[in-house]
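Read through the structure below, which is laid out as structure tokens, and then see the notes.
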Amino acid sequence: MTLADVQRFLQERNSTLASTYLPDSTGALKLPAEILWFAAQEATISPKVLLTTLQKEQRLVTDQKPTARQIEVAMGYGCPDGTGCTDRFRGFGKQVRGAALQFRGYLDDLVQRGETIARWAVGRTKTTGEGVAVTPQNAATAALYSYTPWSGGRGTNGGRVGGNTSFVRIWREWFGTGAWPDGTILHGPDGTYWRLEGGKRRRFTAASAYVARIGPAAIIPVTQEEIETYTEAAPIRFAPYAIVEDPTGIRWLIVGDARRKIASREVYRRLGFHPEEVESGTAEDLAAYRIGDPLTIAAGNPRGDLIRERETKRVFHVVGSTKYPVVDAELQRILFADTPLTVRTTKQLRALNVGPPLRVPDGMLVTSPKHLPQVFIISRGERRPFGSPRTLELLGYAWTSVHHLSNAALDLHPLGAPIDPAETP
């Protein structure tokens, strides 16, 4: 968020903070948007985190008649439970700057020491103030619980929502989703797997769909609260190339995000499908897939064939009458695993149409020789660079998940917006 974005955010919510001048950490009167934004820049965290904390602690963004005390202890900084607030940290500017630097300190401690001063750490179970066992799955969560060691769900604190549950709900209402880009696979504490698509989460409802579709995508273990920052969309029930029979008896082949109608039982038989391969699906199950071209005998093998051109050694994925170049050996290994290669001559392949080169699937962490040490994640077809190595680690990605591709393969993807540490907690 830019400074103008923060000011616009407050104005759109008719916040009194949009037009009230308050003291910064030095005592100079400034608009709260300036105080918030400059504190976020100093601490290299997102202004969204500060806005959400401001609302969670004192509801200052939306309260139309805030009291002097609400403003003095705006972020709850220097206010340990049961002991009151320290006078030297009172004041809007001191509260905002102090909280921002506190978050930065927690994140730095997690990188340098593996835990915060409050003993919260990634992967370590710790009990909150109300006795709830929490195991942070990434540094952002560990930092939030270090700042506010309360879960605050409805099953605690007399049924009132507060603490980090309140933070998540406010964040979701205002900013929509969590920090991870499309293509990422989230692994919940209950064992469920979710794929992020279009800023929403889709659950894998069958092991076969998960195993077949997850491929090389990065897997991030997260808390249930973090999963719920994403709106739930239609589940992923079927694996690629699954044959699904709808309630009317029509059989469909699942290919990517499409379903192709199998033109007849003869086509089904001639293409080598077997009766035991058929799954049953409801109209609702199939509605998540767009309708593709019908599958006929003339269309050939719907999975395509992997062909090496004898003279040039180039590799193509041939589907129907089109050949798609596979420009990288590592990408070939990822996409086609143990698929056998068939050798054909240039003359045999000349009659085929040439399609676009195959690209890296969403969710992959990648780099190439000319880009090292920069790492990217492929999301919506773009290569989005991580703002720093620390950003990659704080979001829970593993360096062992990075695939090394050729420059040609990676450059097929246009450069997207960076995943900046200033846009994550």
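The values are calculated or read from the model by the stated rules, or taken from the named source; none is laboratory data. Source: prediction; values computed, not measured. No Cβ is skipped: glycine too gets one built from the backbone with ideal geometry, and neighbour counts run over all protein chains shown.
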Discussion item. All but one of (1) touching a Lys or Arg at 6+ places or on another chain (Cβ under 9 Å); (2) modelled with pLDDT of 80 or more; (3) basic (Lys, Arg) hold for Arg160; state the number of the condition that does not hold.
Written reply: (2)
Worksheet item: For the subset of region 1-47 comprising residues that are touching a residue at least 40 places away in the same chain (Cβ under 8 Å) and among the β-branched types (Val, Ile, Thr), which member is surrounded by the fewest Cβ atoms within 10 Å (Cβ to Cβ)?
Response: Thr26
Worksheet, complete the sentence: Here the residues within region 58-105 that are touching a residue at least 24 places away in the same chain (Cβ under 8 Å), within 33 Å of the chain's Cα centre (by Cα) and more than 16 Å from Leu22 (Cβ to Cβ) are Thr62, Gly76, Leu101, Gln102, Phe103, Arg104
Worksheet item: Of all residues in region 1-55, which are in a loop (DSSP other than H, G, I, E, B) and either more than 18 Å from Pro66 (Cα to Cα) or hydrophobic (A, V, I, L, M, F, W, C) (or both)?
Response: Met1, Thr2, Ser25, Thr26, Gly27, Ala28, Leu31, Thr44, Ile45, Ser46
Discussion item. When you scan region 10-20, do you find a residue that is out of contact with any strand residue (DSSP E or B) (no Cβ under 8 Å at 6 or more places or on another chain) and under 17 Å from Gly98 (Cα atoms), even just one?
Written reply: no
Worksheet item: In region 227-258, which residues are of a type outside the set (A, V, I, L, M, F, W, C), outside any loop (DSSP other than H, G, I, E, B) and within 26 Å of the chain's Cα centre (by Cα)?
Response: Glu232
Item to complete: Would you mind finding the one in Pro414, Pro361 that is outside the structural domain of Glu309 (by TED's automatic domain parsing), within 28 Å of Phe175 (Cβ to Cβ) and surrounded by fewer than 12 Cβ atoms within 10 Å (Cβ to Cβ)?
Response: Pro414
Item to complete: Just one of (1) at pLDDT 90 or above; (2) out of contact with any Phe, Trp or Tyr (no Cβ under 6 Å at 6 or more places or on another chain); (3) under 26 Å from Asp362 (Cα atoms) trips up Tyr289, so point out which.
Response: (1)
Fill in: Identity of the residue in region 119-131, buried (at least 16 other Cβ atoms within 10 Å of the Cβ) and modelled with pLDDT of 85 or more, that ends up nearest to Glu57 (Cα to Cα)
Thr128
Item to complete: Look through Thr116, Thr184 and report the one residue that is at pLDDT 85 or above, under 14 Å from the mean Cα position of the chain (by Cα) and of a type in the set (Ser, Thr, Tyr).
Response: Thr184
Worksheet entry | 2 or more residues in contact with a helix residue (DSSP H, G or I) (Cβ under 8 Å, 6 or more places away or on another chain) and either under 28 Å from Leu3 (Cα atoms) or at pLDDT 90 or above (or both): qualifying helices (runs of 4 or more DSSP H) within region 338-424 | 389-394
Practice prompt. Determine, yes or no, whether Leu331 is closer than 26 Å to Val402 by Cα, in a loop (DSSP other than H, G, I, E, B), of a type in the set (A, V, I, L, M) and at pLDDT 90 or above.
Written response: no
